[in-house]
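Asks: The structure follows.
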Amino acid sequence: MAGFRIGRGRDNRTPQRQQAQQAPPPHTGGGQAPAPPYTHQQQWPRAGGPQGGGHGEPEYFGEPHPQYGRTQDPYAANNPGHTQMFSVHDDPYDGGATYRAGAAPAAPAGPRLHWKQLLSGIVLRPGPTFLQMRDYPVWGPALVVTFLYGALAIFGFDEPRDEVINATLSNAVPYVLVTGVAFVISGLVLGAVTHTLARQLGGDGSWQPTVGLSMLIMSITDAPRLVVALFLGGENSLVQLLGWVTWLAAGALFTSMISKSHDLPWPKALGASAIQMIALLSIIKLGTI
């Protein structure tokens, strides 16, 4: 391909003037020869350098590099003056492992826990337990523990306990069983409400672990108050104080569970469990069952 010639076709109307400008002046002798006059022809350096085998043309794309001997593109990405392009949401310094809110949940943190490890973990190490069980349903332990808690919860109140004790066996047994089933249904409804609120606040957890763990938290946290109330009665001041302490402990466990199961900050997790906390306070702690 021939080299570029600047100014071709511009001075066709004055050929004599162009020839006069191109004619070299006579040499007068003595001293250095004058520099040649400016012409409209521009001499391009050879592509191969001073000793290269070019044709007097500029270096074009794809020609061999003078030092490395391989083809390069001067406008390729990451060359001087040219940077690589990224889309709006891409991070060139991120390998794609950064967590993003609302994305698909990560893999489980560990294997499924045995029911003994689950119950003890909720009390002794709640954070790792909730994180490990966030993707595993816990219907078996949740239903059994909640039913047993509901069946015994009736003895934690003075008037219902007197009615059951004074009633015949045929009447007391159905009364206890119905109370246990009522607590199971209440736990399912309250857990479903908590899960729905967590999803509305941006959570991404599954409903089965959330409902099951909420039922376990409701039953386990009130167990100390219930045990003391069986002997001292529900109106005892120590029982009332213990009920408030266990209620606060339930709020902390609800917040931790929702935060781990739904990847939510603790203020949103606490807000998601607010309705269940109010319901437990009015039904169990204040004795309005």
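The values are calculated or read from the model by the stated rules, or taken from the named source; none is laboratory data. Note that the structure is a prediction, hence the values are computed from the model and not measured. We place every Cβ from the backbone using ideal geometry, glycine too, and count neighbours over all the protein chains shown.
Asks: Taking the criterion of being part of a helix (DSSP H, G or I) and modelled with pLDDT of 90 or more, would at least one residue in segment 106-114 satisfy it?
Replies: Checked segment 106-114: no residue is part of a helix (DSSP H, G or I) and modelled with pLDDT of 90 or more.
Asks: For the condition within 40 Å of the chain's Cα centre (by Cα) and modelled with pLDDT under 55, what is the one hit in Pro92, Pro141?
Replies: Pro92
Asks: If I go through segment 109-143 residue by residue, how many of them are exposed (fewer than 15 other Cβ atoms within 10 Å of the Cβ), closer than 16 Å to Leu253 by Cβ and not hydrophobic (A, V, I, L, M, F, W, C)?
Replies: Residues in segment 109-143 being exposed (fewer than 15 other Cβ atoms within 10 Å of the Cβ), closer than 16 Å to Leu253 by Cβ and not hydrophobic (A, V, I, L, M, F, W, C): 4 in total.
Asks: Within segment 197-289, considering only helices (runs of 4 or more DSSP H) that don't extend past its boundaries, which have at least 2 residues that are in contact with a strand residue (DSSP E or B) (Cβ under 8 Å, 6 or more places away or on another chain)?
Replies: Answer list for segment 197-289: none.
Asks: Against the condition within 26 Å of the chain's Cα centre (by Cα) and surrounded by fewer than 18 Cβ atoms within 10 Å (Cβ to Cβ), how does Ala249 come out, does it pass?
Replies: Against the criterion (within 26 Å of the chain's Cα centre (by Cα) and surrounded by fewer than 18 Cβ atoms within 10 Å (Cβ to Cβ)), Ala249 does not qualify.
Asks: Give me a count of the residues in segment 167-186 that are touching a Leu at 6+ places or on another chain (Cβ under 9 Å) and under 30 Å from His262 (Cβ atoms).
Replies: Summing the residues that are touching a Leu at 6+ places or on another chain (Cβ under 9 Å) and under 30 Å from His262 (Cβ atoms) in segment 167-186 gives 2.
Asks: What pairs come up if the first residue lies in segment 176-198 and is under 23 Å from Trp266 (Cα atoms), the second is among the hydroxyl-bearing types (Ser, Thr, Tyr) and in a helix (DSSP H, G or I), and their beta carbons are under 6 Å apart, counting only those six or more places apart or on different chains?
Replies: Gly187/Thr146; Gly191/Ser214; Thr194/Ser214; His195/Thr210
Asks: So if I check each of Ser170, Ser186, which one is more than 49 Å from the chain's Cα centre (by Cα) and either at negative phi or crowded, with 18+ Cβ neighbours inside 10 Å (or both)?
Replies: Unique residue meeting the criteria: Ser170.
Asks: Out of the residues in segment 204-232 that are polar (S, T, N, Q) and free of Cβ contacts under 8 Å to residues at least 60 places away in the same chain, which is surrounded by the fewest Cβ atoms within 10 Å (Cβ to Cβ)?
Replies: Per the stated criteria, the residue is Thr221.
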